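Just so it is clear, none of the values below were taken in a lab; they were calculated from the coordinates. Small disclaimer: the values here were computed from a predicted structure and weren't measured. We place every Cβ from the backbone using ideal geometry, glycine too, and count neighbours over all the protein chains shown.
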Amino acid sequence: MMTENTNQKTYERIEQAIHWLADHYVEQPSLALAASEAGLSEFHFQRLFSQWVGVSPKKFLQYLTLSHAKERLAASDSVLDAAYDAGLSGPSRLHDLFITHEAMTPGEWKAMGTGLTLSYGWHDSPFGDCLLVASDRGLCGLAFVLNEGRRATEQDLLSRWGQATVTEDPAKTDAYAAAAFGTGGDNLHLVLRGTPFQTKVWEALLRIPPGAVVSYERLAKHLGKPRGARAVAGAVALNPVSWIVPCHRVIRSTGAITGYRWGPDRKRVILGWEAAEADRVGSTA
């Protein structure tokens, strides 16, 4: 039986393995090499990785390739058509998590957080340290740690609410982290701060199902702006709630993984993780 400490160490080891595979996916490293980097036997590494990620290391590597991204773009068309035809009413889903959202009023948006009290905290995730920001109305922000470190990440995300009263209080954001990266089954309410156009783009992102991807051009077309791919890309880049509002599911029409605030390698890992989850769910359906 695993203790909590052992479980955390295993989690950290697999997280490191995921990022190592993302760094070396072009070479398609062998199981033996990946296991050696993780400090485990091939058998033990294969078993633990499959248990935590849902697919074998070899399969996960395939999910990280350019050719697989292209295949997913083609395969997602019918799924996306159905999702957007259903409109933006009702909650969206992240696995078993039901997500509802609201936009700040124009007055609140212009006030830059004046009179607003926010709590923030750092938490573990499968994709590295993440920063969560919440008000008493719901989750306002989620960011992964930037290369420049935690302080730079805090400044980058919290600057959106420059006039708000901000307090570091991980206890108040812990439930949001558990819902976002845990087993799900809870409701999660988002409070989005952006222009009307940005909010419309973020709402559209919430309709992209897990395991699907869309190009910037196709997303613009669904939004009624077939020539507005650049403006849509700008709004996608300013998404304040990473992972939950899945800006990572928008890629170039060539299949290239670029344009992610927290780095293309992390975007590639997230897409690989979701592809594994979609495969797992599909095989048990």
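With each label point set 7 Å from Cα along the Cα-Cβ vector, what nm distance links Asn147 and Val26?
Those two pseudo-labels are separated by 1.5 nm.
With label points built 7 Å along Cα→Cβ from the Cα atoms of Thr258 and Asp156, find their separation and express it in nm.
Result: 1.8 nm between the two label points.
So what J values fall out for the stretch 147-162 if you push phi through Karplus, 6.51 cos²θ - 1.76 cosθ + 1.60 with θ = phi - 60°, rounded to Hz, Gly and Pro as x?
4, 6, x, 5, 4, 5, 5, 4, 4, 5, 7, 6, 5, 5, 10, x
Work out how far the C-alpha atoms of the chain reach from end to end along every principal axis, then list the three figures in whole Å, largest first.
Here the Cα extents, ordered largest to smallest, are 58, 43, 36 Å.
Could you name the aspartates and glutamates whose alpha carbon sits less than 13 Å from that of Lys225, not counting residues in the same chain fewer than 8 places away?
Within reach: Glu217.
Describe numerically, in nm with one decimal, the distance between label points set 7 Å from Cα along Cα→Cβ at Lys59 and at Asp136.
Here the answer is 4.7 nm between the modelled labels.
What list of ³J(HN,Hα) values in whole Hz, one per residue of the stretch 119-129 in order, does the Karplus curve 6.51 cos²θ - 1.76 cosθ + 1.60 (θ = phi - 60°) give from phi, with Gly and Pro shown as x?
10, 9, x, 9, 9, 6, 8, x, 10, x, 4
So between Gln16 and Arg227, what do we pick up on full extension, going 0.36 nm a residue minus the alpha carbon distance? Working shown, then result.
Working: separation 211, 0.36 × 211 = 75.96 nm, distance 4.04 nm.
Additional length available on full extension: 71.9 nm.
Give the percent of DSSP beta bridges with both residues in the stretch 67-284 that are antiparallel, rounded to the nearest 5. Could you put the intermediate results ahead of the total?
On the way: 15 of 29 bridges.
Around 50 percent antiparallel, to the nearest 5.
Before rounding to the nearest 500, sum -39500 (n - 2.57) across all DSSP H runs of length at least 4 in the chain and divide by the residue total; then give [θ] at 222 nm in deg cm²/dmol. Spell out each step's value before the answer.
Details: 12 runs with 140 residues, N = 285.
So the helix-based figure for the chain works out to -15000 deg cm²/dmol.
Sort 241-252, 187-198 by packing, meaning the average of other beta carbons within 10 Å per residue, with the highest value first. Show your work: numbers first, answer last.
Working: 241-252: 24.1, 187-198: 17.4.
Packing proxy ranking, top to bottom: 241-252, 187-198.
Please work out the FRET efficiency for the pair Trp52 and Glu168, using the Cβ-Cβ distance as r and a Förster radius of 30 Å; give the result to the nearest 0.05. Show your work: numbers first, answer last.
Working: r = 29 Å, r/R0 = 0.98.
Calculated transfer efficiency: 0.55.
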